[in-house]
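In what follows, a structure is listed as structure tokens, so that the remarks can point back to it.
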Amino acid sequence: MKKTFLFLALSLLSVTANATGADVLALNSPDGRFKMQFNVNQQGRPFYSLQFDGKTVVDDSFLGLELKKEVEGKQETFDNSKYTILAPIDHKPNFFSGFEIKNSLKSSKDETWQPVWGEETDIRNHYNELQVELYQKMNDRTLLMIFRLFDYGLAFRYFFPDQKNLTYFIIKEEKTEFAMTGDHTAWWIPGDFDTQEYAYTKSKLSDIRQLLPGAIKPNSSQTPAGPTCVQTALMMKTDDGIYVNLHEAACIDYPTMHLNYIEEQNKFVSLLTPDAMGDKGYIQTPFATPWRTIIVGKSGTDILASRMTLNLNEPCKIEDTSWIKPVKYIGVWWDMITGRSHWSYTNDFSSVKIGQTDYTKAKPSGKHAANTENVKRYIDFAAKHGFDAVLVEGWNQGWEDWFGHEKDFVFDFVSPYPDFDVKAVHEYAASKGVKMIMHHETSASTRNYERHLDKAYQFMVDNGYNAVKSGYVGNIVPHGEHHYSQWINNHYLYCITKAADYHIMVNAHEAVRPTGLCRTYPNMIGNESACGTEYEAFGGNPVDHTTILPFTRLIGGPMDYTPGIFETDISKMSPDNDSKVRTTLVRQLALYVTMYSPLQMAADIPENYERFMDAFQFIKDVPLDWQKSVYLEAEPGDYVTIARKDKNSENWFVGSTVDENGHTTNLSFDFLDDNAKYEATFYEDAADAHWQTNPQAYKIYKKTITKKTKMNIKSAPGGGFAISIVKV
Ligand code: NOJ
Ligand code: CA
């Protein structure tokens, strides 16, 4: 496939060749507002820059890679015979200088495609492309740079053609630069090869070095990537109000990229996640790297409206997608996260021996939530209120002692605890028209999971489960690998493609942050890869967290954020847990609109919803799939307000989440149809609401509105609002 692409590209190059020597190559975006330039300097180092509305947003920045020099051949003795282990070709590590521009080719694309699910029915993919063939004479090697300039920014990738002097090689480091033009404000989390579960820090670029060590969790067993390294998607704002976002798209068969900030030169340089050997990627040509993306706009809403990440991914590879559907679910989950009940069956740990426990002989703790009776209660609640599915965690054997095992495998994904009757639950759920979501905690033992995968997926199919929440808690087994290295990234994708064979949808937690692969594999309906609602039960997310996530984590794809917590005082769930969910009740409703995802959980327990049925109505009504999305106002760290039109009706839904200062939204309904009337239900914070002191104070009222209606809506500190709008 890739071979064909290369052949095509090169043959076109030779026909329309525009050999420019050292002349600068320039490209404009379709609307002309962006301009990029590319050249090689006197040492043959390729570099690019990007301008927006006449201003430089990325200054001259070098491109290239350093390859790993292979080890010398050495002699070994087996059976009295001598063998020479041959060294592969010396790869001449320099793949970043000594280049000349051999050829270049410009092309354009303007197409509209339809995602299986998404923020809008039709997505426009409109860009101008520049391909540059670079020749490195000293090593007789070729590198292709591919740039795409959209009306919302620039993307580029490296392409390594199949060639005589480059077949197999190992990357030592990618040396992609992003030179900044000022001391921007940035919203960042520390570079870490194993987790994105951090609170965001807002700081000037020049303060990253000083603040970063403090941003690393003091007890973290994770691996900080360096004292000035941050993760993507990185959101920035310049002093003159330009919004710049750096991320990547289509990360396949490649390690995840972090960004190392070089303060002296005010630039970011790529830093790839190493594998257990410290290597950064085993490559066989022809090969295309992930895209490096620079989304730029004059407002926060421009960034949220960009479709760059999806557009850079390949079209859907699953032929029959009729089985892939958005999922609204409840689950046996919050109970355990808050400490009210347990995943494990027994606390008589002396009766437990990994892989060999006879649970029929173990003494039940009485706190095991995933028991048949309790799960049936959840199924009843789901059926009554129109939820698609119920997630059950802690259904399978092994939870007594599962964390951090590197020698013994813990879970086999097919053995239920004695009080969880898989067959009875299946029949009960089917009789009520409710689907079940399976839970596979892999304990980060990726090889063990791969080994059990076919059986585990078949077990799901046999028992009526069409979606799985998987998890990768703890250090990756095999030892030394990281959560975002090349082959672990391949593992996640392997699970998704295999799941597709079984018509299973996947929601992986602790897996790599998304890069838009859900376009190609839309059975990937969710991911965690950031601090989700569970952190509200572990002390609390910062109040402004949900105003930042759309600019960072969600740039790569949907998140299983698990909103919908109505009882924010966790001690009411579990007396020893004094965490407070840092939100008003109404803001929890808004998140179903502001945190776009085809997979949405109502995470609180049924008893808490029963206390607030009038507010719960919004969660029941809100759709998960959209015709259109309108980004009304958005400022990272302050507020995000979005209106979305249901994919299957004429109804609209609006959500707004705001920070600890509260906010007044000047709302104009001009996104509605001309000459139409709508009945709108408003869910607002009461005048005295406050996330900390009065979170459950809200008002619900109805009002007839039209396109011409204008209103001011006040959100409480840590609050927001939600509106459902029905055409009459
Ligand atoms: C962490 C996940 O984020 C959480 O949702 C899950 O319940 C636990 N791991 C157990 O797998
Ligand atoms: Ca703020």
Fill in the blank from the handout: Of the residues in the stretch 170-192 that are touching a Lys or Arg at 6+ places or on another chain (Cβ under 7 Å) and among the aromatic types (Phe, Trp, Tyr), the one that is farthest from Leu211 (Cα to Cα) is Phe178
Completion exercise
Selection from the stretch 717-728 of residues among the β-branched types (Val, Ile, Thr) and either buried (at least 23 other Cβ atoms within 10 Å of the Cβ) or touching a residue at least 60 places away in the same chain (Cβ under 8 Å) (or both) yields Ile723, Ile725, Val726
Fill in the blank from the handout: Counting only residues that are open to solvent by less than 10 Å² (accessible area, probe 1.4 Å) and within 13 Å of Ile354 (Cα to Cα), the stretch 399-442 contains a total of 1
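Does Ile252 meet the test of being open to solvent by 10 Å² or more (accessible area, probe 1.4 Å), within 30 Å of Thr520 (Cα to Cα), away from ligand 1 (no atom under 16 Å from the Cβ) and not polar (S, T, N, Q)? Don't jump to the end; show me each part of the working.
Details: open to solvent by 10 Å² or more (accessible area, probe 1.4 Å): yes; within 30 Å of Thr520 (Cα to Cα): yes; away from ligand 1 (no atom under 16 Å from the Cβ): yes; not polar (S, T, N, Q): yes.
So Ile252 fits the description; yes.
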Problem - Subset of the stretch 328-343 (residues that are β-branched (Val, Ile, Thr) and either open to solvent by 10 Å² or more (accessible area, probe 1.4 Å) or within 16 Å of ligand 2 (Cβ to nearest atom) (or both)) - result: Ile337
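Can you give me the number of residues within the stretch 481-528 that are touching a Lys or Arg at 6+ places or on another chain (Cβ under 7 Å) and touching a residue at least 60 places away in the same chain (Cβ under 8 Å)? Write out each step before concluding.
Let us first name the residues in the stretch 481-528 that are touching a Lys or Arg at 6+ places or on another chain (Cβ under 7 Å), namely 507, 509, 513, 520-521.
Those left that are additionally touching a residue at least 60 places away in the same chain (Cβ under 8 Å): 507, 513, 520-521.
Qualifying residue count, the stretch 481-528: 4.
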Practice task
Enumerate the pairs (first residue in the stretch 396-410 and farther than 28 Å from Val425 by Cα; second residue anywhere and part of a loop (DSSP other than H, G, I, E, B) and among the hydroxyl-bearing types (Ser, Thr, Tyr)) with beta-carbon separation below 8 Å, excluding pairs fewer than 6 apart on the same chain, so at least 6 apart or on different chains.
Solution key: Gly404/Ser443; His405/Ser443
Problem - Qualifying residue in the stretch 179-194 (condition: in contact with a Cys (Cβ under 7 Å, 6 or more places away or on another chain), of a type in the set (A, V, I, L, M) and within 16 Å of ligand 2 (Cβ to nearest atom)) - result: no
Exercise for the section: Looking at (1) within 21 Å of Leu549 (Cβ to Cβ); (2) touching a residue at least 40 places away in the same chain (Cβ under 8 Å); (3) of a type in the set (S, T, N, Q), find the lone condition where Gln588 falls short. Expected result: (2)
Exercise for the section: Go through the residues of the stretch 575-582 one by one and say whether even a single one is closer than 22 Å to Lys435 by Cβ and modelled with pLDDT of 95 or more. Expected result: no
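So which residues in the stretch 1-48 are at pLDDT 95 or above, small (Gly, Ala, Ser) and open to solvent by less than 40 Å² (accessible area, probe 1.4 Å)? Before you say what the answer is, go through the steps one by one.
To start, the set of residues in the stretch 1-48 that are at pLDDT 95 or above comprises 25-48.
Of the ones still in play, those that are also small (Gly, Ala, Ser) are 26, 29, 32, 44.
Ala26, Ser29, Gly44 - these are the residues of the stretch 1-48 that are at pLDDT 95 or above, small (Gly, Ala, Ser) and open to solvent by less than 40 Å² (accessible area, probe 1.4 Å).
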Problem - Failed item, numbered, when Lys82 is tested on (1) of a type in the set (D, E, K, R); (2) part of a strand (DSSP E or B); (3) exposed (fewer than 14 other Cβ atoms within 10 Å of the Cβ); (4) at pLDDT 95 or above - result: (4)
Practice task
Please indicate, with yes or no, whether at least one residue in the stretch 541-560 is open to solvent by 10 Å² or more (accessible area, probe 1.4 Å), part of a loop (DSSP other than H, G, I, E, B) and of a type in the set (Ser, Thr, Tyr).
Solution key: no
Fill in the blank from the handout: Taking the stretch 344-371 and keeping residues surrounded by 16 or more Cβ atoms within 10 Å (Cβ to Cβ) and either hydroxyl-bearing (Ser, Thr, Tyr) or within 16 Å of ligand 2 (Cβ to nearest atom) (or both) leaves Ser344, Tyr345, Thr346, Thr357, Tyr359
Problem - Residue list for the stretch 185-204, filter: touching a Leu at 6+ places or on another chain (Cβ under 9 Å), of a type outside the set (A, V, I, L, M) and assigned to a strand (DSSP E or B) - result: Thr185, Trp187, Trp188, Pro190, Thr201, Ser203
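Within the stretch 565-648, which helices (runs of 4 or more DSSP H) (wholly inside it) include 1 or more residues that are more than 24 Å from Ile713 (Cα to Cα) and open to solvent by less than 20 Å² (accessible area, probe 1.4 Å)?
Details: elements: 585-594, 606-610, 613-621.
Filter on the stretch 565-648 gives 606-610.
Output the residues belonging to the stretch 109-126 that are in contact (Cβ under 8 Å) with a residue 60 or more places away in the chain, in a loop (DSSP other than H, G, I, E, B) and open to solvent by 30 Å² or more (accessible area, probe 1.4 Å). Show your work before the answer.
Applying the first criterion (in contact (Cβ under 8 Å) with a residue 60 or more places away in the chain) to the stretch 109-126 yields 110, 113, 115-121, 123-126.
Filter once more, keeping what is in a loop (DSSP other than H, G, I, E, B): 115-121.
Matches in the stretch 109-126: Val116, Glu119, Glu120, Thr121.
Does Ile570 satisfy the condition of being within 16 Å of ligand 1 (Cβ to nearest atom), closer than 30 Å to Lys647 by Cβ, modelled with pLDDT of 95 or more and of a type outside the set (D, E, K, R)? Break it down into steps so the answer makes sense when it comes.
Details: within 16 Å of ligand 1 (Cβ to nearest atom): yes; closer than 30 Å to Lys647 by Cβ: no; modelled with pLDDT of 95 or more: yes; of a type outside the set (D, E, K, R): yes.
Judged against the criteria, Ile570 is not a match.
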Completion exercise
Okay, strands (runs of 3 or more DSSP E) sitting entirely in the stretch 656-716 with 1 or more residues that are under 21 Å from Ala634 (Cα atoms), open to solvent by less than 20 Å² (accessible area, probe 1.4 Å) and touching a residue at least 40 places away in the same chain (Cβ under 8 Å), I get 663-668, 678-685, 710-715
Handout entry: Only listed residue being in contact with an Asp or Glu (Cβ under 8 Å, 6 or more places away or on another chain) and closer than 18 Å to Gly281 by Cβ, chosen from Lys204, Lys172, Lys164, Lys137
Key = Lys172
Problem - Every residue from the stretch 167-189 that is modelled with pLDDT under 95 and either open to solvent by less than 10 Å² (accessible area, probe 1.4 Å) or among the polar types (S, T, N, Q) (or both) - result: Thr167, Phe169
Completion exercise
Per the filter on the stretch 639-663, residues closer than 21 Å to Phe551 by Cβ and either out of contact with any Ser or Thr (no Cβ under 8 Å at 6 or more places or on another chain) or within 16 Å of ligand 2 (Cβ to nearest atom) (or both) are Tyr639, Val640, Thr641, Ser656, Thr657, Val658, Asp659, Glu660, Asn661, Gly662, His663
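The values are calculated or read from the model by the stated rules, or taken from the named source; none is laboratory data. The model shown is predicted, which means the values in this text are computed figures rather than measured ones. Cβ coordinates were reconstructed from backbone atoms using ideal geometry, including for glycine residues, and neighbour counts include every protein chain displayed. Side chains are part of the model used for accessible areas, which takes the heavy atoms of the whole protein and leaves out ligands, DNA and RNA. Shrake-Rupley method; radii C 1.70, N 1.55, O 1.52, S 1.80 Å.
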